[in-house]
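Structure first, commentary second.
The values are calculated or read from the model by the stated rules, or taken from the named source; none is laboratory data. Because the structure is a prediction, the values reported are computed rather than measured. Please note: Cβ atoms are built from the backbone with ideal geometry, for glycine as well, and neighbour counts cover all protein chains shown. The area values use the complete protein model at the heavy-atom level, side chains included, leaving out ligands, DNA and RNA. Shrake-Rupley method; radii C 1.70, N 1.55, O 1.52, S 1.80 Å.
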Amino acid sequence: MSRTDGRKLVTLAAAATVGALGVGTIYLPFMADRDKIRGLSEEGEESMPEGARREMQAMKKSAAVAAEQQRELQQQLQRRQRQQEEDQKQQRQKASAGSMWSSFRRNS
């Protein structure tokens, strides 16, 4: 193998690398339909079977209902915590209210 064959091989390899990078960075993202490359063609609502569409709608509806119930439970929990804090604050105020001598009168 001569030196010219080696240089041609390196040139060919470099050109192939640059070509592959060029196709990967320029052609694929901007010109080729990425969905078609992945095997996903754009399908409208018409292509989906009616039963599958109804099932998906039911799943979305049940997910929305579950999220609403979770939100309501969270709000109830927050209300209960606030009410407990207020009750504790009122009990502390009741316990601390009155004469400073009242503890001596009760104990004697």
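Scalar couplings 3J(HN,Hα) for the stretch 60-69, obtained by applying the Karplus form with A = 6.51, B = -1.76, C = 1.60 to θ = phi - 60°, are 5, 5, 5, 5, 5, 5, 5, 5, 5, 5 Hz; x denotes Gly and Pro.
Among residues other than Asp87 with Cβ under 12 Å from its Cβ, the summed charge is +3 (Lys and Arg +1, Asp and Glu -1). To the nearest 10 Å², what's Thr17's accessible area with a 1.4 Å probe? For Thr17, solvent-accessible area is about 80 Å².
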